[in-house]
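Working notes, structure below.
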Amino acid sequence: MCGIVGYIGNRRAVPILLDGLKKLEYRGYDSAGVAVIEKEKLYLNRSVGKLHMLEGRINGNDHQARIGIGHTRWATHGRPSDSNSHPHTDCTGKIAVVHNGIIENFLELKEWLEAEGHVFQSETDTEVLPHLVEHYLKDDLLSAVEKMVARVRGSYATVVLSEDHPDTLVAVRKDNPLIIGVGEGEYFFASDIPAIINYTKKVMVLADGEIAVMTTQGIRVYKDGIPVDKKIDIIDWDTKAAEKGGYPHFMIKEINEQPRALRDTLTGRIAPDYSGVELKEVNLTDDEIKRIQKIAIVACGTAYHAGIVGKYVMEKILRIPVEVDIASEFRYRDPLIDENTLTVIISQSGETADTLAALREAKNRGARVVAITNVVGSSIAREADDVVYTWAGPEIAVASTKAYITQLIGVYILTMYLAKSLDMIPKEDMENILRHLYRLPNQAQEILDNLSGQLNEIAEVFKKWEDAFFVGRGLDYAVALEGSLKLKEISYVHAEAYAAGELKHGTLALIVDNIPVIALSTQPDVFEKTLSNIREIKARGAYVIGVTFEGDTELKKSVDQVIYLPQTLPLLAPVLTVVPLQMLSYYASVHRGCDVDQPRNLAKSVTVE
Ligand code: M6R
C-alpha cells in the first residue's frame, strides 16, 4: 500500500524523504513523489515507476529545503501515471497533500468543488483534499485541515504542506497508520517505523481522529479540538532489523530468521516445568473461558491460513466449534457472533483494513476479541480486548514467512492457555506438547541448514512449468494452502492447493505428464489415505515431491523426490512443513527472475478494502 514520509528540521529534506520512501518500498507502489518548500516556494517532483525514476527527475535540482512530504503510491483510483502520483496540489500549486486510504465520497466532493471553480488534474480520489484545504484556508492551516476532515468519508492518513505556512506540517489519520518520529529539533511523519529508524527511535503513534501540527518548535496533537498528551514509545529494533544484512532478498533473510523468531515468540510463554503457558496480555478469567461456546477466527491471506491451522488445533484440543473466515467475507455476512463467541483476529501488520473492520464487527456484536499480531501499538493490537504478540520482528518482504510461523505459535499457545482453564488436556499431554514446541526453533534451523541445496534444485522445475498443485489432508491441507499462495505470489506460477481426497472430484483432470505436485504427508492418522491419493496422482504422470518426517519408508516408494523433516508431534508439523515450501517458492522466484520482495500488483500492508 501507499507509503508516507514527512520531515521538518534542520537537515536537507529531500535525501531524508527519499531514504524514508526507500524503506517503505516493501509496501508495494507504482509511482512516487515529493513536495518541498524552499525559499517560501513549493516544489513538486513526481514520477510513475520506481524510486530511481523520481530520483532521476530530482537530480540536477538540488533542493536545500528543510521541510517536505513524500509518497509512494499503490494505484486504487486511476492508473499509475505521473499526474496520478502524489503529492497532489490545489489550483494555486501552493498546497500539497499526500494520502493513504480511500476517500469514499470523492465524486460528490469533486462535483461540488468543480462547481466552485476548482480545476482537477488527476483521476484520483485524493485530489479533493488539497482543493478542500484551499477552499477552507484563511490564515490557520490546522483549522482548514479540520474543516477538510469534516467533509470527507473514508479512510485516510494524510499530511498537508502549504507554501503560505513554510514551517508547518499538519497530519491527520483515520483507519490508516501514521507515526510521528521525534528527533532533536526535527520531526518526521511516516507510515511505518523503517522509514525513520535511521534518524530516531522515539515514536508517537497517531490514533484515529487525532490531528498533529508539527513545526521545528515542537508537536501539538488534538482530538476534537482538545489537546492530547501523547506518550513517546522507544523502538527497540536495531536499524539492521530493517535491512538485508548480506542476504540478496528480504524474503530469504526472513526465512532464515525463523528459528530466532520462533524462539522469541516462545520465550517467557512456557512454564519452566511445562505445566502451562503464560500470556501476559490475555486477561480472560476461567469463568469467561468456560462461557465460550464458539471460536471465530478471522484474518486475510497468509494469516487466514494460520487460522485454518488454528481450527484444526483448537477443535481437536478444546472440543469447541471453530469457524475460520476471510475478513472481507466475515464483515459483510451478518456473522452469528455473540458474547459467548471468542473471536481470534490474526494479522501481522495489525492494520489490514478488512481485518480491522471484522474486529470492530465482532466487538459490536458483544464478542470478546483476542488479537494475534506482530506489531505493537497497531490498530488491531489497540482495539482488541487481549493480545498475543508474535515477536517476529519487522517483516519487510511482501511474502509473509516469519510472521506466519510465529502466528502458528500464537495459535498453539492460545489453545494451550484455554485448554488448561477448561481442563481439556491431561497434564502429561500438555507437557509433551510444550516440550515439542520448545524444540521447534532448532528443528527449523536444521531444515534451513540441510535442505536448501535440494530445494534449490527442485525449484528448477518451475523454469518451465506454469502450473503446480499442493495436496494434503488435515493439517497438511492447511499448510498446502499456504505453500500454494507463496508460490503464486512471488513466482507467478499458477498453483492450487487441494485436500488430497478432493482431487478426484474434478481437478485430477488437470494432472498431466510431469506437472509438479507437492504432496504433504505428515499426519499419521491419514497417512495411508494420502498415500493412495498420491498414487492416483503419480499414475497420471505427475512429478511428485513428497514431504514427510524422517524415518519414512513408504512415501519414498510412491514419489519422485522426498523432503524429510525432523520428527515432531503431528499437531505441530505445520511449523516445520511450511519452511521447505517457503524455500521452494523463494528459489522458484529467483530461477524465474521475478521481483522476490516486491511482487507485481501486491502490497505488504493492505490498508484499503
Ligand atoms: O498484515 P496481515 O497479516 O493482516 O496481512 C494479511 C495478508 O495481506 C497477508 O498475510 C498476505 O496474504 C501475505 N503478504 C502473503 O504472503
Peptides 423-430, 307-314 ordered by average Cβ neighbours within 10 Å, highest first | 307-314, 423-430
Selection of GluC sites (Glu not before Pro), the range 26-104, meeting DSSP coil and at most 12 other Cβ within 10 Å = Glu40
For the range 403-559, what D do you get in µm² per second when you plug the Kirkwood radius from alpha-carbon pairs into Stokes-Einstein at 4 °C and 1.567 mPa s?
-> 75
Its Cα gyration tensor gives the range 247-425 an equivalent ellipsoid whose semi-axes in whole Å, largest first, are 24, 20, 13
Accessible area per residue in Å² at 1.4 Å probe, computed on the chain = 38
Starting from the amide H of Asp90, placed 1.01 Å from N in the peptide plane, find each other amide H under 5 Å away whose residue is 5 or more places distant or on another chain.
-> Ile95
Relative contact order (percent, whole number), the chain, Cα cutoff 8 Å, 6+ residue spacing = 12
The range 41-142: chymotrypsin sites (Phe, Trp or Tyr not before Pro) in DSSP loop, at most 16 other beta carbons within 10 Å = Phe120
The range 2-243, relative contact order in percent, only Cα pairs under 8 angstrom and at least six apart counted | 19
Inverse of <1/r> over all distinct C-alpha pairs of the range 537-609, i.e. the Kirkwood Rh in Å, gives 15.1
Which trypsin sites (Lys or Arg not before Pro) from the range 71-145 combine a DSSP loop assignment with at most 12 other Cβ atoms within 10 Å?
-> Lys138
Pairwise label distance in nanometres, Thr553 with Lys231, each label 7 Å out on the Cα-Cβ vector | 6.0
Hey, what did the range 220-295 get for relative contact order, percent, Cα under 8 Å, at least 6 apart?
-> 10
Aspartates and glutamates with Cα under 12 Å of Lys50, excluding same-chain neighbours fewer than 8 positions away | Glu25, Asp30, Asp82
Reduced to Cα centres, the span from the range 428-467 to the range 363-380 in Å works out to 30
Among the listed pairs Lys280/Lys420; Lys39/Lys230; Lys488/Lys604; Lys39/Lys223; Lys147/Lys201, give every one whose C-alpha distance is greater than 22 Å.
-> Lys39/Lys230; Lys39/Lys223; Lys147/Lys201
From the C-alpha gyration tensor of the chain, square roots of 5λ in Å = 45, 27, 22
With θ set to phi - 60° and the Karplus curve 6.51 cos²θ - 1.76 cosθ + 1.60, what are the ³J(HN,Hα) couplings of the range 179-195 in order, to the nearest whole Hz, using x for Gly and Pro?
-> 10, 10, x, 10, x, 8, x, 8, 9, 9, 10, 7, 6, 7, 4, x, 5
Return, for the Cα atoms of the range 2-243, the radius of gyration and Dmax in Å, separated by a comma.
-> 16.3, 52
Along principal axes, Cα extents of the range 123-200, largest first, whole Å | 37, 27, 21
With the cut-off at 17 Å, report for the range 457-526 the share of all Cα pairs above it, as a whole percent.
-> 41
Here the Kirkwood hydrodynamic radius of the range 1-95, Cα-based and in Å, equals 13.1
Could you work out, for the range 213-296, what percent of all Cα-Cα pairs fall into each 5 Å distance bin, beginning at 0 Å and stopping at the bin that holds the largest distance?
-> 3, 8, 9, 12, 10, 11, 12, 16, 11, 5, 2
Give the peptides 355-364, 462-471 in descending order of average Cβ contacts within 10 Å, highest first.
-> 355-364, 462-471
Rounded if a/c is under 1.5, else prolate if a/b beats b/c, else oblate: with a ≥ b ≥ c from the C-alpha gyration tensor eigenvalues square-rooted, which is the range 50-188?
-> rounded
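The values are calculated or read from the model by the stated rules, or taken from the named source; none is laboratory data. Computed from a predicted structure; not experimentally measured. Cβ atoms come from the backbone with ideal geometry, glycine included; neighbour counts cover every protein chain shown. Keep in mind that these areas ignore ligands, DNA and RNA; they rest on the heavy atoms of the full protein, side chains included. Shrake-Rupley method; radii C 1.70, N 1.55, O 1.52, S 1.80 Å.
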